[in-house]
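Worksheet: one structure, shown below.
The values are calculated or read from the model by the stated rules, or taken from the named source; none is laboratory data. None of the values given here were measured: they were computed from a predicted structure. Cβ atoms come from the backbone with ideal geometry, glycine included; neighbour counts cover every protein chain shown. All accessible areas refer to the heavy atoms of the entire protein, side chains included, with ligands and DNA or RNA removed. Shrake-Rupley method; radii C 1.70, N 1.55, O 1.52, S 1.80 Å.
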Amino acid sequence: FDLSGKVALVTGASGGLGRHAATVLARAGARVVGVARRQDQLDDWAKGLDGAETVAADLSDTDQLPSVLQTVRRRIADPDILVNAAGINTRSPADTITLDDWNLTLALNLSTPFFLAQGLMPAMKKKGWGRIVNFASLQSRRAFRNGISYGASKGGVEQMTRAMAEAWSPSGINANAIAPGFFETELTAPVFADAQVSAHHAAQTCIGRNGLADDLDGPLLFLCSEASRYVTGQVLFVDGGYTAK
């Protein structure tokens, strides 16, 4: 589970589960590059973390991705680990969702993770080692109201993860995904702002509560480290048993 000597690129590191994931990997010994839009929030995250680096970019603009990777290589090194935690959920009803909202959701949640991974492939293949951890969702499997674009993107993440494994695991690069249940973040603020809705989701789990950020630590370190050397193409639901019922 030790990540000493590894370089990790974590998207969405300015807040929420992305920020938590970036911190966990840094504390496990990795040199972590956090990428997100908000430089001030990235700077706040990097304080007090050895080896933490930041790159500010709008990852929903796929035209920026080559320059992001070029900056990371120039300033740090080719990443060994990619954690695709950046995401958006516009919560738009199926009858009224706009093409712009749809395209933004698919770009950030699905296109960006793939093209970042594709851009890192040559260096990972040369090393014969790499770890890709995508962020799937309950909505990879379950349909929620006002979640058609988000659900479509996260369903795509699940299949994309399997396809990544098929394409790249023969070269020593394992691709897996974490599918969180309900965790309190900026993305889920509307859920947790309503005590009844929050309690409803807690009751859907086998454990009887919603997620806490550190519930992700073990699964994340497992999938990013040598511990998962024979695990690829899998989606691990960290949801307290929500999808088991």
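A single member of Gly172, Gly241, Gly151 is in contact with a helix residue (DSSP H, G or I) (Cβ under 7 Å, 6 or more places away or on another chain) and either modelled with pLDDT of 95 or more or closer than 18 Å to Leu82 by Cβ (or both), and it is Gly151. Among the candidates Arg141, Arg145, which residue alone is farther than 26 Å from Thr232 by Cα and open to solvent by 10 Å² or more (accessible area, probe 1.4 Å)? Only one candidate qualifies: Arg145. When region 188-245 is limited to residues that are hydrophobic (A, V, I, L, M, F, W, C) and in contact with a His (Cβ under 7 Å, 6 or more places away or on another chain), the one that is farthest from Val133 (Cα to Cα) turns out to be Val191.
Restricting attention to region 189-215, the residues that are surrounded by 13 or more Cβ atoms within 10 Å (Cβ to Cβ) and part of a helix (DSSP H, G or I) total 8.
If I filter region 155-164 down to residues being open to solvent by less than 10 Å² (accessible area, probe 1.4 Å) and of a type in the set (A, V, I, L, M, F, W, C), which single residue comes out as farthest from Val235 (Cα to Cα)? Here the residue is Met164. Put simply, of Ala152, Ala177 the only residue that is within 25 Å of Leu104 (Cβ to Cβ), in contact (Cβ under 8 Å) with a residue 12 or more places away in the chain, buried (at least 22 other Cβ atoms within 10 Å of the Cβ) and not hydroxyl-bearing (Ser, Thr, Tyr) is Ala177. The set of residues in region 1-29 being in a helix (DSSP H, G or I) and touching a residue at least 40 places away in the same chain (Cβ under 8 Å) consists of Gly16, Leu17, Gly18, His20, Ala21, Ala22, Val24, Leu25. Cβ separations smaller than 6 Å between residues 6+ apart or across chains give the following pairs from region 30-51 residues that are part of a helix (DSSP H, G or I) to residues that are surrounded by fewer than 24 Cβ atoms within 10 Å (Cβ to Cβ) and basic (Lys, Arg): Trp45/Arg19. Flag: Ala189 matches the condition of being without any contact (Cβ under 8 Å) to a residue 12 or more places away in the chain and of a type in the set (A, V, I, L, M, F, W, C). Considering region 92-170, the qualifying helices (runs of 4 or more DSSP H), each wholly inside and each with 2 or more residues that are among the acidic types (Asp, Glu) and out of contact with any Lys or Arg (no Cβ under 6 Å at 6 or more places or on another chain), run over 99-106, 148-168. Would you confirm whether any residue within region 97-106 is crowded, with 16+ Cβ neighbours inside 10 Å, within 25 Å of Val235 (Cβ to Cβ) and in contact with a Leu (Cβ under 9 Å, 6 or more places away or on another chain)? No - not one qualifying residue is present in region 97-106. Contact annotation: residue pairs with Cβ atoms under 7 Å, 6 or more positions apart or on different chains, pairing a residue in region 131-146 that is touching a residue at least 12 places away in the same chain (Cβ under 8 Å) with a partner that is open to solvent by 60 Å² or more (accessible area, probe 1.4 Å) and in a loop (DSSP other than H, G, I, E, B), are Asn146/Arg91.
Please determine, by comparing only the residues of region 76-96 that are over 18 Å from Ala22 (Cα atoms) and over 15 Å from the mean Cα position of the chain (by Cα), which one is least open to solvent (accessible area, probe 1.4 Å). This residue is Ser92. Scanning region 227-243 for residues that are in contact with an Asp or Glu (Cβ under 8 Å, 6 or more places away or on another chain) and either within 17 Å of Val24 (Cα to Cα) or exposed (fewer than 14 other Cβ atoms within 10 Å of the Cβ) (or both) gives a single hit, Val238.
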